[in-house]
Every structure is written in structure tokens, then in C-alpha cells.
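To start, the structure under review is shown below, and the notes come after it.
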Amino acid sequence: MTGLRVDSFPEIVAADVAVIGAGPGGIAAAVSAAERGLRVVVVDRGLEAGGQIWRRKAGAAAAPEAQPWLTRLADSSARTINGASVVDVRPDAGGFEILVESSGRPLRIWAADIVLATGARELFIPFDGWTLPGVMGIGGTQALLKSGASFAGKRVVIAGSGPLMLPVAASLADAGAKLLLVAEQAGRAAVARFASGLWKTPGLLLQAAKYRVRFLSARYATGTWVTAAQGGDRLESISITDGHHTWREDLDVLCTGYGLIPNVEIARLIGCEIRDGAIAVDNRQRTNVNHVLAVGEATGIGGAPLSLIEGSIAGSTVGSVETASGHLSRRRASLVEAADRMLEVFAPRAELRSLPHADTIVCRCEDVTYGAIQGAACARQAKLYTRVGMGPCQGRTCMPSLDFLLAWQADTVRPPVEPALVSVLSSEVADEAASLFPLTSSVGEAYQ
Amino acid sequence: MPRGGQTRISIVINGDRVEVPAGITVAAALFNVGVSALRTSVTGEPRGAVCAMGVCFECRVTIDSRPHQRACLTPVVDGMHIQTASIS
């Protein structure tokens, strides 16, 4: 594989292009730029290239759709650094200096151009008991399963929204889980409208049907959502409603999530314009900041095929004045339109805004309750009074929830964008014994 | 990168030696032995893995004496010592 760790690198690396994220969009951007002769470095948090969508099961081969791209990446001159977090990006000598941490070690990458391929994460909506061990993300469950977790015999309910629930349900059933229920919050009419729209793309409809066949023994309910979870030291049961009746299910694992939201923190740090929660780009994937491009889910949720096209466009645009091919642009436009229809169908219903109560934890890092932030006018004020969003995840989990619940806009992003060792921030060689994590209550504040 | 479910390695979870397949993550190893509470929150609640992709920081454990390591981003290594929150 192309994967490298930071400790196999010198402390400073120079490149024409730094690609941040090695999912489909980042891979496509990296290979198309590298194949043009540019020196490309890819930085990725994951242990292997492929991102979340192409994550392969421990010990298994990569998915057929991923393999050609992974091979192209491996055969290209692009160098991928895995297990690495971007801590800071700042303008430097006509380009950018990117500070990266991996296993407590620093790496500085100087790059003339940046392609942001930072992907997406799940939207969680807080409810009573959602912090119990055993309540996990839907994508998170898929990731854990592929990382080698055994779900055989586990009683599982999947409750949330969006097409991601189907492949995860199928994977869990294949893995021997006792899948009790798949609950889609969107109503029957909306889901039917979405399914009928799929006739225009028979491949997707067939894919959905194939997933459904794999978990036929489980009930699939629309217009149904979880209102609370109960348990002691771990999850024991959940309360579910269809808006008329509420009932309980005993279970081991609840998978929940309400679709995907773009990861825009690094873009915000650089100063890129964010529109409707996604990085704003032109038809050549350029952001409003010179020499910074963005691709894939970070520019709007649209799926892997769209990310590949956007990555290819960015790879041909970056560091040049070439225009993207008309074919790629047209294909991009039609996929964006399809994705927008999907987002509309699976938008979380208004009832979900009344799930959290005053004593429901909204910020899992700092254990801030919904009641504690009620008096605040905006995210920044709430942060000052309660530390909401100021823990290790830096608000990545709670701020999107609060955007949904209260229409709060995310606050400014400051470095470090991820918790990092002081030794990394000060660029000294890391001493593994001197771990000062988390930074939020000491060093983090020195940055405020 | 070492992958392949056949090779088994030995790790220590909360003092107990267990055999796990090479190539899995620490989060998966903990899930498989039934340890679901990985850390204690700032108000003393048990917490477990949520996003499993390095975003939420809920799966922080101590690995080989280094605290606050994300179990979901760390592959198991032969001889590794993992310590979770002291909740049974």
C-alpha cells in the first residue's frame, strides 16, 4: 500500500499540492494531479486510503468500485500519509504551511495549493439516554463492524434517516446481528416519492432492493423515530414512536443518525466561504480563497460517484488554468440535482426538535445540558458560559445538533483544529511521556 | 499494512490477556470482549464509541500508558496494553 506514517517522513515536506482527506474525492484529486506531473501529498486520518465509504473490512479485499482508484493511487507518484490529523493551516511564502500530527509526532507540509477533501460526518440529534454506551452512529456502526467488531447475536435497532441505513442494515444482518427494526423518520409518502424518483436511476433502485433483501427478517418502518434510551452503565432499551403510539424495545445496540453533514472546519480556518453548511466552490472546484480547492461531501452531500467527478475536476484544475471537461461538468450537475432531492426527502422532521429536555446532555465532551444553554443568544455566548462545544471534539458533534435545534451558526474555528500535543504545536520533537491531552482546558485557551 | 483475520495476536485489556485477530482496531477488540464503557465523562457517566471514525472523541482509552488515545483510530499491536474507564 501507499500508506505511510509520519515517523517515516522528515519533519518538513514540500509539495505542489496537499490533498486533505483520502476518500473518493481526495483520491481522485490526488491521482489526476499526480498524473499531470505535480508533486502531491495526501494527508488522511484513516489507517488506510478510501475514507469512510470505501473502508474495507479487516482482512477483506477492497470493494470492487474502490479497487481501480486505490490501485491508481498506489501506482501514482502521490504520497499518502495515514493516521494523521491536520492541526493547523496558515498562509506561508505564497503557499500554505500545514501542521500535521500523527502518533504524537509533528510534520510540516509546505504546499502551493490545497485540495480539501474532508468528507462528512453524521448529524446526531440529542435525546434522553443517547450518551449511554451502546448508542452509536449508523455510519459509526458500519465503521466499527468493518474494523473487526462482531455483532453476531446482538439485538440491534437502526433508527434515523437517509439511504445510509439500508447498507448498514444489510451488513449487520450478514454479520449475524438480530436486527429488530429499521426506523426511518421520514414519512411513508416522502420515502415513496424518493423511491419513485429512483426509477430514473435504475442502478440505485436495484441497489436499494438488494440491500433490503439482505435484512428481510427485520421490520422497516417509515415515520418512526426514537424518543429516549434507557439503561444503567449501558443501553438496555429504547422508546420508539410513530407519532401516535410509543413503545419500548429491549436491545444491545441502537444505531442512530440523521444524515450527513459536511466537514468544513479546516475550510473555515483557512477562510473559505461556507454556504448552507458546505464549502462554496465554483464549477472548477475552486473556493473563494486563491489556491484552495474543495471536493466531495465537504462541498455538499452527494455520494461517492459525485466525489470522484469533483476530485477529477479539481485534479485537472489545481495549479493550472485548464478548464474541466464538459462531460465531467454535465455529469456533476445531474448528480448534484439528484442529491438535493434526496436531502429534501430525508430532512429531519420538526418533532425531533422537541426530543431533548432540560436535563438532556447536548455536548458530550463537556456534559453540557440543553437547559444550561437555553438563555444564550448564540453559540459563542453559550460557549463562554457553559463550555458547550469546547471539548476535544471541538463542537463537531454538538454544534450541528444545535444548528438543527436552535438554528445556531457555528462559531469561528481557531487552531488547533484537532487536539494536539504541545510539543507538536511548538514544533519540538514529541516526547511520548509528556502527553498533555486534552488541550481544551489549558493550552486550548491560550489560543482563544 | 498488516491485515488478515487469520493471524492472531495477544493484547492486554484491563489486565486480562486476550487473543484477537491482527488488523482490527482497539475499538473493535473492546467491543468483542464486551467492554462498552470506554471512558468516564466529566460528570462521571460511562461513555462508549459513537462515530468510530475519529470525530467524536468518545472512545478515548489509555494505550501503553498514553492517555486519551482514540480506540477507533488505533490498530491492535501484539503486546499492547489497553486500559478503559474503571466501570465494570
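The values are calculated or read from the model by the stated rules, or taken from the named source; none is laboratory data. The shown structure was predicted, so the numbers you read here are calculated from the model rather than taken from an experiment. Please note: Cβ atoms are built from the backbone with ideal geometry, for glycine as well, and neighbour counts cover all protein chains shown. These area figures cover heavy atoms from the full protein model, side chains too; ligands, DNA and RNA do not enter into them. Shrake-Rupley method; radii C 1.70, N 1.55, O 1.52, S 1.80 Å.
For residues in the stretch A:221-249 being of a type in the set (D, E, K, R) and more than 10 Å from A:A183 (Cα to Cα), which is least open to solvent (accessible area, probe 1.4 Å)? Let's see the steps before the verdict.
Pass one, the stretch A:221-249, residues of a type in the set (D, E, K, R): A:233-234, A:236, A:242, A:248-249.
Next, from what is left, pick out any that are more than 10 Å from A:A183 (Cα to Cα): A:233-234, A:236, A:248-249.
Working: A:D233: 73, A:R234: 81, A:E236: 104, A:R248: 152, A:E249: 43 Å².
Once the filter is applied, the top-ranked residue is A:E249.
Just so you know, in the stretch A:100-129 the residues that are closer than 11 Å to A:V43 by Cα and polar (S, T, N, Q) include one that is modelled with the lowest pLDDT, and it is A:S102. Restricting attention to the stretch B:65-81, the residues that are surrounded by fewer than 24 Cβ atoms within 10 Å (Cβ to Cβ) and more than 9 Å from chain A (Cβ to nearest Cβ) total 5.
In the list A:A183, A:A159, A:A143, which residue meets the criterion of being within 29 Å of A:R353 (Cβ to Cβ), within 14 Å of chain B (Cβ to nearest Cβ) and among the small types (G, A, S)? Lay out the reasoning, then the answer.
Working: A:A183 fails: within 14 Å of chain B (Cβ to nearest Cβ); A:A159 fails: within 14 Å of chain B (Cβ to nearest Cβ).
Of the residues listed, the single one that is within 29 Å of A:R353 (Cβ to Cβ), within 14 Å of chain B (Cβ to nearest Cβ) and among the small types (G, A, S) is A:A143.
Given A:P24, A:P68, A:P10, A:P64, which one is open to solvent by 40 Å² or more (accessible area, probe 1.4 Å) and at pLDDT 95 or above?
Details: A:P24 fails: open to solvent by 40 Å² or more (accessible area, probe 1.4 Å); A:P10 fails: at pLDDT 95 or above; A:P64 fails: at pLDDT 95 or above.
So the residue among A:P24, A:P68, A:P10, A:P64 that is open to solvent by 40 Å² or more (accessible area, probe 1.4 Å) and at pLDDT 95 or above is A:P68.
Out of the stretch A:107-123, which residues are more than 8 Å from every other protein chain (Cβ to nearest Cβ) and open to solvent by 10 Å² or more (accessible area, probe 1.4 Å)? Answer for the stretch A:107-123, where residues must be more than 8 Å from every other protein chain (Cβ to nearest Cβ) and open to solvent by 10 Å² or more (accessible area, probe 1.4 Å): A:R108, A:W110, A:A112, A:D113, A:A117, A:T118, A:G119, A:A120, A:L123.
When A:T141 is tested against (1) surrounded by 23 or more Cβ atoms within 10 Å (Cβ to Cβ); (2) within 26 Å of A:D340 (Cβ to Cβ); (3) of a type in the set (V, I, T), exactly one condition is not met: (2). Just the residues that are assigned to a strand (DSSP E or B) and either open to solvent by 20 Å² or more (accessible area, probe 1.4 Å) or modelled with pLDDT under 95 (or both), please, taken from the stretch B:11-38. Within the stretch B:11-38, B:D16, B:R17, B:V18, B:E19, B:P21 qualify. For A:L172, the conditions (1) open to solvent by less than 30 Å² (accessible area, probe 1.4 Å); (2) at pLDDT 95 or above; (3) part of a strand (DSSP E or B); (4) more than 12 Å from chain B (Cβ to nearest Cβ) all hold with the exception of (3).
Can you find, within the stretch B:39-62, the residue that is farthest from A:S147 (Cα to Cα) among those that are more than 7 Å from chain A (Cβ to nearest Cβ) and part of a loop (DSSP other than H, G, I, E, B)? Give the derivation first.
Initial filter on the stretch B:39-62 (more than 7 Å from chain A (Cβ to nearest Cβ)): B:39-40, B:44, B:59-62.
Still in the running and part of a loop (DSSP other than H, G, I, E, B): B:44, B:59.
Values: B:G44: 28, B:C59: 14 Å.
Looking at residues that are more than 7 Å from chain A (Cβ to nearest Cβ) and part of a loop (DSSP other than H, G, I, E, B), I get B:G44.
Apart from one condition, A:E48 fits all of (1) without any contact (Cβ under 8 Å) to a residue 60 or more places away in the chain; (2) part of a strand (DSSP E or B); (3) of a type in the set (D, E, K, R); the exception is (2). Scanning the stretch A:329-385 for residues being surrounded by 15 or more Cβ atoms within 10 Å (Cβ to Cβ), modelled with pLDDT of 90 or more and of a type in the set (G, A, S) gives a total of 5.
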